[in-house]
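Here's the structure we're looking at; comments come further down.
Readers should treat all values here as calculations from the given coordinates under stated rules, not as data from a laboratory. Please read these numbers as outputs of a predicted model, since none were measured by experiment. When we count neighbours, we look across all protein chains shown, and the Cβ atoms used for this are built from the backbone with ideal geometry, even at glycine.
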Amino acid sequence: MFEAPEIDWLALAPLIVVLGAGVVGVLVEAFVPARARRMTQIVLTLAALAGGFAFIAVLWPQIVVQPVQVVGGSVTLTPFALGAQGIIAVLAFLGVLVVADRTATGQDAFAPTASAVPGTSYEDLARRSGLEQTEIYPLLLFAAGGMMLFASTDDLIVMFIALEVLSLPLYVLCATARRRRLLSQEAAAKYFLLGAFASALFIFGVALIYGFAGSVRFFGDPSRPGVGVLPAIQSGAAQGEGMSVLLVAGVLLVVVGLLFKVGAVPFHAWTPDVYTGAPTPITGFMAACTKVAAVAALVQVLYRVAIGVQTVDPEIMRQLQMVIVVVAVLTMAVGTIVGSVQTDVKRLLAYSSIAHAGFLLVGVAGFNSQVQASTLFYLLAYGIATIGAFGVVTLVRERRVTPGSGEHNGPVGDDGVVLGEATEIAQWAGLGRKAPWLTAAFALFLLSMAGIPLTAGFIAKFGAFTGAASGGLWWLAVLGVLASVVAVAFYLRLLVVMVFQRAQDDPAEPLVKLAETTPGAAPGEAEVSTSGDVSTGATAGAGATATLTTVQVTTAQRIEVTVVRSRGPAAVAIAVCAVATVILGVFPSPVLALVEQASKFVP
Amino acid sequence: MNPYVPILILMAIGAVLALGGVAASAVIGPKRYNRAKLDSYECGIEPTPHAVGGGRLPIKYYLVAMTFIVFDIEVVFLYPWAVDFTTLATFGLVSMLVFLALITVPFVYEWRRGGFDWV
């Protein structure tokens with residue numbers, strides 16, 4: 001007989017607020033007149049994320065004392081899960097601020113009609129009539145809601161649904177860049193195909209685990225004792241013939257699916273291309289928030305399996321740990337080594353994000369209870385620095401000026417045509433003089449990512465490496481420190497270019513880049529094709545000119561690098577990120593105390 | 001007999017039919033190629049090369065497909081609910097109404113944004 005489940009609505013409130021606002025956002029698209037749509041969406045999105053965070057804050061004292069399983073574990077709110085939800089809400093809020101900024105150019109980072117075929121007259125028409133794609137805001141809310149659910153469930157099927165709810169909007173968002181349309185669409189297609197592949201592996205793993213346990217929930221439903229993956233492991237089902245193979249293969253496939261979302265080697269191949277091709281505010285959003293959700297889910301799956309197997313079958317436990325160790329080492333190595341030869345800022349930050357996945361996994365591989373707290377802190381520190389850094393990237397732009405017309409002496413943004421982002425590292429030379437505050441903030445984010453003391457990153461890395469060391473993997477911690485040193489080198493390289501090198505377009509020494517004039521080039525739009533991968537990245541040492549092969553400018557014109565003014569939101573986000581990075585580095589104890597409370601993931 | 005044997009046999013028959021069909025038509029089928037036969041069969045659109053600069057797509061196709069998905073998903077969940085209507089009682093009814101309301105949202109979006117204005 002069917003019994004209607006008791007639903008703890010308060011425990012679901014953060015999810016309902018965020019996802020519900022996404023649905024309302026779609027209705028806003030349907031009924032609010034076009035001119036008011038953008039403002040309505042921004043207010044709605046920010047309010048939803050703030051409201052979700054408020055509910056998380058309300059729930060916190062209660063959950064810390066007594067974790068809640070809603071509907072038999074479909075949503076399992078442990079302090080760890082709720083902590084991850086809170087971090088996602090905060091980072092998504094900051095991410096949306098960057099997304100919402102139109103900058104002094106009056107254009108946001110998104111295509112007027114993302115569905116138009118690149119280079120068509122339809123696209124041109126949409127641009128000229130000033131259309132805007134405000135659907136990005138509901139999509140962001142759906143993605144954020146999916147991430148929050150992803151991090152807080154005990155049920156592998158719900159986790160799969162959450163995985164799709166967070167991924168599908170991101171696939172779409174990746175394709176919406178205003179400039180470099182083909183690159184953006186290519187990124188989306190790659191992300192979609194590889195993401196679908198990873199989802200398939202994940203769901204196959206879930207099927208195998210179901211075959212093993214007869215349940216897709218780890219702890220199981222309290223009302224049905226003995227049913228669940230952990231009870232099945234503990235009852236000795238793994239000793240049955242062929243059963244341990246089902247369990248190990250299932251867990252491995254699920255872990256592979258999660259590692260894909262984390263961006264760990266060897267499942268990282270999509271990361272550089274997608275991070276480069278996606279609109280930069282979206283890159284910041286997904287680099288920060290997806291990583292939080294994916295790592296939180298990974299930690300919960302791994303540690304729940306570990307609870308079961310470490311007493312029953314230590315051999316499986318040892319193998320599981322070895323898998324994570326190997327992936328962590330590979331991820332750190334590829335992230336730092338390949339990252340250090342990049343010539344594109346977005347690509348460099350992408351490899352930095354891969355390296356950070358490695359550092360996070362070093363902590364996770366320790367398999368001891370304090371790791372959960374340090375992982376949450378790491379995710380917060382990394383997320384803040386990432387959103388801030390990509391926020392800065394959105395403001396550093398190329399500008400086309402015609403020499404002799406005196407245009408380039410005017411205020412920024414009022415003369416010449418501001419084009420896309422200047423993402424070549426060589427173009428960032430002399431940025432320290434053009435925009436000292438922005439450079440200072442960016443430097444702070446880089447130092448935090450590098451793990452320099454007095455920034456959030458230091459405390460975070462310290463926690464992760466201590467976690468590995470206290471789990472008996474001191475050599476892995478040493479490897480982590482070594483990889484950090486290599487990473488410091490590539491962050492500092494970017495920093496040196498920004499602060500100590502003279503700008504290429506310094507008026508004293510104009511650098512004229514010649515390129516063919518292409519008839520029919522759309523004004524104000526430059527199609528820059530960076531085929532950039534590791535191999536081309538290494539050969540592009542010649543600087544900016546190497547990849548600016550198809551910039552459509554007349555021979556009389558020149559591309560300068562400029563910093564556009566933010567219209568507010570992005571500046572606020574960058575400032576908040578910078579301040580938070582310092583506060584978390586200098587005075588981390590309140591937040592550390594909070595995440596310490598969160599180191600509990602057993603309902 | 002192992003209860004999985006019939007499944008294996010079924011899979012084997014399926015594989016033989018699929019591969020055999022391709023192989024047989026490759027061996028004994030008449031081969032009269034012309035331009036139309038070499039075209040890709042892909043929803044009436046050339047998938048490659050990419051239509052740069054002026055390539056036009058019948059966008060209505062996607063609209064129809066997506067509208068179909070809206071109602072398709074709806075029906076997929078309505079049938080099992082209808083079968084167990086009495087057991088699921090009020091809880092099921094309320095859940096279904098919420099689900100229907102949610103699935104109407106994309107439909108309303110499509111309607112308001114001109115998805116059905118084809119002229």
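A Förster radius of 56 Å, combined with the Cβ-Cβ distance separating A:V572 from A:V245, puts the computed FRET efficiency at roughly 0.60.
Using only Cα atoms, locate the centre of region A:74-88 and the centre of region A:435-458, then give the distance between them in Å, rounded to an integer. Using only Cα atoms, the two centres lie 28 Å from each other.
Within a straight-line Cα-Cα reach of under 28 Å, B:K37 can be paired with the following lysines, leaving aside sequence neighbours fewer than 8 residues apart in one chain: B:K60.
As a rough guide to protection, the peptides A:193-203, A:271-281 ranked by mean Cβ packing within 10 Å, highest first, stand as A:271-281, A:193-203.
Compared with the dominant principal axis of the Cα atoms in chain A, helix A:34-65 is inclined by about 30°.
The slack between A:Q310 and A:R502, meaning 0.36 nm per residue of separation minus the straight C-alpha distance, is 63.3 nm. The packing ranking of peptides A:101-111, A:16-26, highest mean first, is A:16-26, A:101-111, where packing means the average number of other beta carbon atoms within 10 angstrom of each residue. Rounded, prolate or oblate: which fits region B:56-112 when a ≥ b ≥ c are the square roots of the eigenvalues of the alpha-carbon gyration tensor, with rounded for a/c under 1.5 and prolate only if a/b beats b/c? Oblate. Between the listed residues A:V158, A:L360, B:L38, the Cα displaced farthest toward the positive end of the dipole of the protein assembly as shown, a dipole computed from Cβ unit charges relative to the Cα centre, is found at B:L38. Here the spin labels are modelled as points 7 Å beyond Cα on the Cα-Cβ line, and at B:Y79 and B:F99 they lie 1.3 nm apart. Once the chain from A:L454 to A:W9 is taken as fully extended at 0.36 nm per residue, the excess over their C-alpha distance is 156.1 nm.
For region A:276-346 and region A:2-51, write down the distance between their C-alpha centroids in whole Å. Region A:276-346 and region A:2-51 have Cα centres spaced 30 Å from each other. For chain A, lysine pairs separated by 8 or more sequence positions, or belonging to different chains, with Cα-Cα distances below 30 Å total 15. Remark on A:D344: its backbone amide H falls under 5 Å from those of A:I425, a criterion applied only to residues 5 or more positions apart or on other chains, H modelled at 1.01 Å from N.
Dipole check for the protein assembly as shown: with +1 at the C-beta of Lys and Arg, -1 at the C-beta of Asp and Glu, and the Cα centre as origin, the magnitude is about 940 Debye. Here region B:2-18 and region A:570-593 have alpha carbon centers that stand 61 Å from each other. Helix A:9-31 and the longest principal axis of the C-alpha atoms of chain A enclose an angle of approximately 40°.
Between B:A18 and B:F91, the distance separating the two model label sites (each 7 Å from Cα on the Cα→Cβ line) works out to 4.0 nm. If you take the beta carbon distance between B:I7 and A:R433 as r and set R0 to 56 Å, what does 1/(1 + (r/R0)^6) give as a FRET efficiency, to the nearest 0.05? E between B:I7 and A:R433, to the nearest 0.05, is 0.20. Computed from phi, the 3J(HN,Hα) profile of region A:149-164 under the Karplus parametrisation 6.51, -1.76, 1.60 (θ = phi - 60°) reads 5, 3, 7, 9, 9, 9, 9, 5, 5, 4, 4, 5, 4, 4, 4, 6 Hz, with x in place of Gly and Pro. The fewest-to-most ranking of B:I7, A:I7, A:I387 by surrounding Cβ atoms within 10 Å reads B:I7, A:I7, A:I387. Taking each residue as 0.36 nm, the span from A:Q66 to A:I16 lengthens on full extension beyond its C-alpha to C-alpha distance by 15.9 nm.
A simple spin-label model places pseudo-atoms 7 Å from Cα toward Cβ; at B:A65 and B:R113 they are separated by 1.6 nm.
Phi angles across region A:468-483 convert, under the Karplus curve 6.51 cos²θ - 1.76 cosθ + 1.60 with θ = phi - 60°, into 3J(HN,Hα) values of 5, 5, 6, x, x, 9, 5, 5, 5, 4, 4, 4, x, 4, 4, 4 Hz, Gly and Pro given as x. The A:A50 and A:Q370 beta-carbon pair, evaluated with R₀ = 30 Å, returns a calculated FRET efficiency of approximately 0.45.
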